[in-house]
Amino acid sequence: MSRIVMIRHGETQWNADRRSQGWMDPPLNEKGMRQAELVGAHVRKHYEFARVISSDLARCTMTADALGREYSKEPLLREINTGKFGGLKIVEIRERFPDVVDAWDRDYGRAPEGESWLDLVARVGRFVAESGILEIDGDVCLVAHGGTIRALLSVFLSLHIDAMRHFAQSNTGITVVSRETIDGAPSFGLDLMNSTEHLRG
C-alpha cells in the first residue's frame, strides 16, 4: 500500500487579507515561510517520497523548497482560476459580482474569465490520469492549493462535488490518501485530513 500526501502551501499576505488568489502569484509571507519550515521538518521526519510534484505557482514552490526534496512543477495542480475575482478581497467580490457569487455558491458557477469547480475537478482528474502517480511504487507528495486538494479528494474518493464544500484545508495542512490495487483497479482510503500538528510543535 502506498500513500498520496497532499500539502497545502503556506500563508501568503493575500490569505491573511482574505483576497482571492487563483492563478495570481503572491509569495509566502513571513508566517508562511515559518509554516513551510515546520511542515518541511515534519515531512523529513515522517515520510520518504518516491516523487514530489508541486503546483508551479510561487506559494507552492516556496513550500516545496522547504521539504528539502527534488520536485517537479505541474501547472495542472494550480488553484482554481478565479479570473476577475483575482486580487480582490472576498467582501469586494460580493459587492462587485453579486449575481456571479450567488451562482458560484448555488451551483458552482464560473468566475468571469475563470474556471468553475467542475472545470477544476476535470483538470485535476486529467493530472491524475496523465501523471502516472497511481503507478508509482512508493509514496507521492503533492504540494498544491486548498481548492485543488479538495478537487483531488473528490477524484480519489469518488465523492460528489458538493462534498468539496466540507473539506477544510489550512495553510500547510497535510491530507493523506492511501492507495492500493484491488482486482486490477486502484482503491483509495482517507488516512489523514488537514493535519496541522506540525504547527503546534
Practice task
Can you pull the one-decimal nm distance between simple spin-label points at Ser178 and Lys45, each 7 Å off the Cα toward Cβ?
Solution key: 2.3 nm
Exercise for the section: Read phi for every residue in region 67-81 and hand back ³J(HN,Hα) as whole Hz from Karplus 6.51 cos²θ - 1.76 cosθ + 1.60, θ = phi - 60°, with x for Gly and Pro. Expected result: 6, x, 10, 5, 8, 10, 9, 9, x, 5, 8, 4, 4, 4, 6
Fill in the blank from the handout: Amide H proximity to Leu192 below 5 Å, modelled H, separation 5+ or other chain, gives Val176
Fill in the blank from the handout: With 0.36 nm assigned to each residue of separation and the Cα-Cα distance removed, Asp119 to Ser170 gains 16.1 nm
Practice task
Go through region 12-28 residue by residue and turn each phi into a ³J(HN,Hα) via Karplus (6.51, -1.76, 1.60, θ = phi - 60°); whole Hz please, and just put x for glycine and proline.
Solution key: 10, 5, 5, 4, 4, 8, 6, 9, 6, 9, x, 8, 6, 10, x, x, 5
Exercise for the section: For region 7-54 and region 170-185, write down the distance between their C-alpha centroids in whole Å. Expected result: 19 Å
Exercise for the section: Report the antiparallel proportion of the DSSP beta bridges in region 2-200 as a percent, rounded to a multiple of 5. Expected result: 55 percent
Exercise for the section: Beyond 19 Å, what share of the Cα-Cα pairs of region 29-181 is found? Please give it as a whole percent. Expected result: 57 percent
Completion exercise
Residue-ordered couplings for region 90-95, obtained by feeding phi - 60° into the Karplus form 6.51 cos²θ - 1.76 cosθ + 1.60 and rounding to whole Hz (Gly and Pro as x), are 4, 5, 5, 4, 5, 6
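Every read-out reported here was derived from the displayed coordinates using simple, explicitly stated rules and does not represent laboratory data. Please read these numbers as outputs of a predicted model, since none were measured by experiment. Cβ coordinates were reconstructed from backbone atoms using ideal geometry, including for glycine residues, and neighbour counts include every protein chain displayed.
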